[in-house]
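K.L.:
First, the structure itself, so that you have it in front of you.
Bear in mind these aren't lab numbers, they're just calculated from the coordinates by the rules spelled out. Since the structure is predicted, the reported quantities are computational estimates derived from the model, not experimental observations. Counting neighbours? That spans all protein chains shown, and the Cβs are built from the backbone with ideal geometry, glycine included.
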């Protein structure tokens, strides 16, 4: 099974946001470059209160990959 078939999301190469495979433009940063080569996931609900969001530089709520490969 390829990584594309085994993962329900693709990751934005620029900001690491995880989006559905049908998305053509990242809703977080506007990039159009994506990959299915990613690992780890964090979901940020409240960026102001999240230490993880601050550590990772996340500025908008959402689902993000921890590591993105090209």
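K.L.:
Using a Förster distance of 22 Å, how high is the FRET efficiency between residue 33 and residue 9, based on the Cβ-Cβ distance and rounded to 0.05?
P.N.:
The calculated FRET efficiency here is 0.90.
K.L.:
If you work out Cα extents along the principal axes in Å from the coordinates, which of [x] 38, 22, 18; [y] 111, 22, 12; [z] 66, 17, 14 do you get?
P.N.:
[x]
K.L.:
Using the per-residue mean of other Cβ atoms lying within 10 Å as a proxy for protection, in what order, highest first, do the peptides 37-43, 48-54, 10-16 fall?
P.N.:
The most tightly packed comes first, giving 10-16, 37-43, 48-54.
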